[in-house]
Amino acid sequence: MDLTKLIKKYATSGPRYTSYPTAPQWTENWKIEVYQEQLKKSFSGNAEPIALYIHIPFCEALCFYCGCNIQITKDHSKSGVYIEALIKELKTVSEIIGRRQTLSQISWGGGTPTFMTSQEIERLHLATLKYFDLAEGAEVSIEIDPRVTSNEQLSTLRRLGFNRVSLGVQDFNENVQKAVNRIQSIELTSNMLKFCRELGFQGINFDLIYGLPLQTKQSFHKTLQEVIALRPDRIALYNYAHLPSLRPHQKIMDRFERPDSEDRLAIFSDGYTEFTQNGYRSIGMDHFALESDELFLAIEKETLYRNFMGYTVKRGAGMIGIGASAIGEVGGNYFQNTRETRPYEDSIAHEGLSSFRGCLLTSDDVQRKWIIQQLMCKFVLRFQDYRSLFNDSFEITFQNEIKLLSEFASEGILTVDSQGIVITDLGRLFIRNVAMIFDAYLSLPTQATYSKTL
Ligand code: SF4
């Protein structure tokens with residue numbers, strides 16, 4: 001079957017699998033004590049380093065494609081109040097764990113973390129280090145919006161020990177930028193990248209998005225060339241998720257034409273070719289890294305992991321999410337904080353925590369989560385690895401799923417033999433469709449809305 005036919009066949013809606021079970025399966029019938037118990041049980045007696053994610057929801061202006069949990073405001077006094085809630089949550093979590101937990105990774109995301117002043121940035125980071133220890137070589141990262149981040153803030157971050165930055169770029173084309181309400185010149189991005197390098201940040205990442213209004217293969221090709229010339233260490237090339245039923249502001253962009261599935265795949269394929277022919281290696285589903293970058297080295301060592309922050313090398317024994325809407329992975333289970341800022345602050349003020357929903361995994365979930373991780377991070381699943389880990393036969397337990405894979409095999413998307421499953425280079429484009437075969441919940445009735453797989 002040719003590529004166009006495959007795209008038409010597999011351009012369906014489906015999860016991105018930053019978790020399994022995916023968020024629509026999580027329950028809100030929830031008591032905060034469940035989260036407390038899991039924190040205690042999982043981390044109190046376990047000295048293995050973990051990851052910490054801190055969410056800063058504030059942005060000064062709305063980008064129309066945005067799918068994050070955000071609060072648009074120009075009132076900078078809001079961050080001061082919010083930071084106090086974050087610090088209280090950090091304190092509560094560390095008290096529940098009962099000792100100083102070591103962190104292998106700290107990530108600040110948003111929103112716009114640099115909505116905070118340099119003083120606020122320092123206050124929050126020092127408060128984190130009051131309750132937690134940093135492992136040697138820990139990755140301390142922050143998402144940067146070049147439009148609102150100053151050199152002074154970047155210098156402060158570097159001085160505090162931040163060593164990774166991720167710059168939101170999306171597309172350098174002016175018409176696309178106007179259509180999505182995010183004007184950001186190439187000079188601005190380029191100067192910020194240069195300054196980040198001078199300060200000694202490593203693993204500098206650019207986020208790009210394809211599938212935005214007015215994008216064409218030709219227009220995005222120019223952006224690709226401009227990005228390659230700037231040579232960030234890592235590039236994430238995300239497929240835009242148009243979900244106006246969940247994010248009503250995205251409807252604003254309906255007045256512009258957006259690339260269809262075929263065009264989107266043509267844009268992605270062009271990106272794949274350009275990056276891989278210019279010194280980048282493909283990482284997982286939608287990331288690229290220079291061979292000198294540790295994300296690439298993680299593939300060689302098979303230590304790549306995928307979580308809510310994307311692909312990471314510092315998996316840790318779990319992840320704590322701090323802040324409104326933040327998601328954590330504790331004891332393999334998922335927990336999410338209240339989404340809205342004010343209710344989050346209120347809940348922290350009264351209870352110290354703000355977990356409003358989550359998911360305790362069954363043994364079947366644990367197995368399927370592992371399978372989906374293997375496929376999405378390594379593109380290989382060895383039956384022997386499954387047997388060693390779960391003391392179970394993959395071929396017997398998942399015989400129905402293996403049968404369903406035969407269609408993918410006949411289309412060149414993967415191979416299955418007595419050793420395991422291998423996703424082909426072509427198959428990487430359809431990896432979400434392959435993962436869906438192992439999702440036990442997709443056959444159940446659901447209200448969930450998923451983005452396009454292609
Ligand atoms: S800056 Fe980022 S988080 Fe804020 S609105 Fe734009 S895309 Fe969303």
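The values are calculated or read from the model by the stated rules, or taken from the named source; none is laboratory data. Fair warning: this is a prediction, and the values are worked out from it, not measured in the lab. Cβ atoms come from the backbone with ideal geometry, glycine included; neighbour counts cover every protein chain shown.
Structure summary
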{"quantity": "Per-region count, the stretch 256-293, residues over 13 Å from Ile235 (Cα atoms) and touching a residue at least 12 places away in the same chain (Cβ under 8 Å)", "calculated": "14"}
{"quantity": "The stretch 53-86 - residue that is surrounded by fewer than 19 Cβ atoms within 10 Å (Cβ to Cβ) and β-branched (Val, Ile, Thr) and, of those, farthest from the chain's Cα centre (by Cα)", "calculated": "Val81"}
{"quantity": "Residue within the stretch 175-185 that is among the β-branched types (Val, Ile, Thr), in a helix (DSSP H, G or I) and either away from the ligand (no atom under 16 Å from the Cβ) or buried (at least 18 other Cβ atoms within 10 Å of the Cβ) (or both) present", "calculated": "yes"}
{"quantity": "When residues of the stretch 133-149 are limited to those that are within 15 Å of the ligand (Cβ to nearest atom) and in a strand (DSSP E or B), the one nearest to Thr102 (Cα to Cα)", "calculated": "Ile142"}
{"quantity": "Which numbered condition Phe430 fails, given (1) modelled with pLDDT of 95 or more; (2) among the aromatic types (Phe, Trp, Tyr); (3) closer than 18 Å to Ile7 by Cβ", "calculated": "(1)"}
{"quantity": "Condition check for Lys78: more than 19 Å from Gly168 (Cβ to Cβ), of a type outside the set (Phe, Trp, Tyr), part of a helix (DSSP H, G or I) and away from the ligand (no atom under 16 Å from the Cβ)", "calculated": "no"}
{"quantity": "Residues of the stretch 17-73 satisfying the condition of being within 16 Å of the ligand (Cβ to nearest atom) and without any contact (Cβ under 8 Å) to a residue 24 or more places away in the chain", "calculated": "Ile72, Thr73"}
{"quantity": "Any chance Ala349 is touching a residue at least 40 places away in the same chain (Cβ under 8 Å), buried (at least 18 other Cβ atoms within 10 Å of the Cβ), small (Gly, Ala, Ser) and more than 30 Å from Tyr10 (Cα to Cα)", "calculated": "no"}
{"quantity": "Index of the failed condition, Leu212 passing every other in (1) modelled with pLDDT under 95; (2) in a loop (DSSP other than H, G, I, E, B); (3) of a type in the set (A, V, I, L, M, F, W, C)", "calculated": "(1)"}
{"quantity": "Where a residue in the stretch 183-202 is on the phi < 0 side of the Ramachandran plot and its partner, wherever it lies, is aromatic (Phe, Trp, Tyr) and not in a helix (DSSP H, G or I), with Cβ under 6 Å and at least six apart", "calculated": "Ile186/Phe172"}
{"quantity": "Every pair of residues 6+ apart whose Cβ atoms lie under 8 Å, when the first sits in the stretch 401-428 and is free of Cβ contacts under 8 Å to residues at least 24 places away in the same chain while the second is of a type in the set (D, E, K, R)", "calculated": "Ile402/Glu395"}
{"quantity": "Close pairs (7 angstrom Cβ cut-off, 6 or more residues apart or separate chains): not assigned by TED's automatic domain parsing to the domain that holds Leu212 in the stretch 433-452, surrounded by 14 or more Cβ atoms within 10 Å (Cβ to Cβ) and modelled with pLDDT under 65 anywhere", "calculated": "Asn433/Thr453"}
{"quantity": "Elements of type helices (runs of 4 or more DSSP H) in the stretch 376-442, at least 2 residues being surrounded by 16 or more Cβ atoms within 10 Å (Cβ to Cβ)", "calculated": "383-390, 399-410, 431-437"}
{"quantity": "Test: residue in the stretch 85-104 that is under 23 Å from Gly316 (Cβ atoms) and within 15 Å of the ligand (Cβ to nearest atom)", "calculated": "no"}
